[in-house]
Amino acid sequence: MVMNHFSGDNLTDPNWRTAEIIFTGNELLKGNVLNTNSQWMAKTLTSIGIEVKRMVVIEDDIETIAEALRESLRRKPDFIFTSGGLGPTYDDVTLEGVAKALGRQLEINSAAEKMVQDRYKLAEKAGLLKVKDSEKHMTKMASLPSGASPLANPVGAAPGVLIEQGKTTLISLPGVPAELKAIFNYSIIPWIKPLLGSAFHAERTVLVTGVAESRLAPVIVDTMSKIPGTWMKSCVLGSGKSEICISTTASSESEANRRVDEGYKIIVEKAKELGGIVNAINEESK
Ligand code: ATP
């Protein structure tokens, strides 16, 4: 894989907001569960013009979570997302870690309490549980760090949690992928999009056969320098094939498309000059 030699500054546009993501889960660290939330979050945030600067996976441990958050807050990203550990079980300690990092108390949030109660009543109607036996679990999921706002969870019991801390907005999401996606799409997208102003992401991918990656590398670096704000990287696929992905985020759709189209054209020309066979394998513009 060829990475460009530019610093992140090459890509930074004043319209871009930044994010860091902290995934919690011993099952992720042990390899029992594949961290599919990381790819989904990275793709989704990138597609709406938020630049993901860092992702980490850590244990379900209060002090570890608090320390990861403190570290992340020191870098002052616009958003910090956490994924996992909002449920009712003993190892769901994310909000305790968040409260510790921010020096806030966990307290019953009445809006969260209503959301949790409504979900448990539905589950009771479906014969899945008895509300009166679930008080402890319900109280746990309705206890948020002081000053937090709950985010409705359309498919599960634990609400997401949003906290403003200085310049950073901290958003905690459940680990269950369907719940994470539902809260993101239902509660976060409508709120976050107007904050972001205009940010359009575009991607094009070229498949080159018959040219060694080492010969493509200088072409990629040179092309990136000609189109500021554009990121290109190649991945070797084996059997003399390389995939070159061209992507950018710009403040207008036409500018984003112009950049990837120009990059695409140059890469295709140069790869052909080097004797390569070229195919477009995937085109995407969001
Ligand atoms: P729950 O209410 O189910 O306890 P939660 O928010 O506490 O939800 P976790 O307990 O951390 O979430 O994870 C629940 C399940 O979701 C895990 O067992 C795992 O199967 C899945 N999961 C957690 N994190 C991820 C992830 N990053 N990618 C994919 N699946 C995940």
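Of the residues making up the range 211-218, one or more are of a type in the set (Gly, Ala, Ser), surrounded by 14 or more Cβ atoms within 10 Å (Cβ to Cβ) and outside any loop (DSSP other than H, G, I, E, B). Taken together, the criteria exclude Leu86 from residues that are part of a helix (DSSP H, G or I), hydrophobic (A, V, I, L, M, F, W, C) and closer than 24 Å to Asn35 by Cβ. Taking Arg204 and the conditions (1) in contact with a Phe, Trp or Tyr (Cβ under 7 Å, 6 or more places away or on another chain); (2) at pLDDT below 90; (3) surrounded by 16 or more Cβ atoms within 10 Å (Cβ to Cβ), which numbered condition does it fall short on, given that it satisfies the others? For Arg204, the failing item is (2).
Among the criteria (1) under 20 Å from Leu151 (Cα atoms); (2) modelled with pLDDT of 95 or more, the one Asp60 does not fulfil is (1). Within the range 184-201, the set of residues being crowded, with 18+ Cβ neighbours inside 10 Å and within 29 Å of Ile244 (Cα to Cα) comprises Ala199, Phe200, His201. If the condition is being more than 18 Å from Thr168 (Cα to Cα) and either crowded, with 18+ Cβ neighbours inside 10 Å or within 11 Å of the ligand (Cβ to nearest atom) (or both), then the range 34-43 contributes Leu34, Asn35, Thr36, Asn37, Ser38, Gln39, Trp40. So which residues in the range 46-64 are within 12 Å of the ligand (Cβ to nearest atom) and not acidic (Asp, Glu), if there are any at all? Answer for the range 46-64, where residues must be within 12 Å of the ligand (Cβ to nearest atom) and not acidic (Asp, Glu): Met55, Val56, Val57, Ile58.
Restricting attention to the range 74-105, the residues that are within 11 Å of the ligand (Cβ to nearest atom), over 15 Å from Leu180 (Cβ atoms) and surrounded by 18 or more Cβ atoms within 10 Å (Cβ to Cβ) add up to 2.
For the range 120-140, the count of residues that are within 30 Å of Arg259 (Cβ to Cβ) and aliphatic (A, V, I, L, M) is zero. Entry remark, the range 106-133: residues being crowded, with 17+ Cβ neighbours inside 10 Å and part of a helix (DSSP H, G or I) number 6 in total. Could you say whether any residue in the range 234-247 is crowded, with 22+ Cβ neighbours inside 10 Å, part of a strand (DSSP E or B), under 25 Å from the mean Cα position of the chain (by Cα) and not small (Gly, Ala, Ser)? Yes, the conditions are met somewhere in the range 234-247.
The values are calculated or read from the model by the stated rules, or taken from the named source; none is laboratory data. Note that the coordinates shown come from a computational prediction; the quantities given were computed from them, not determined experimentally. Reconstructed Cβ throughout: ideal geometry from the backbone, glycine too, with neighbour counts over all protein chains shown.
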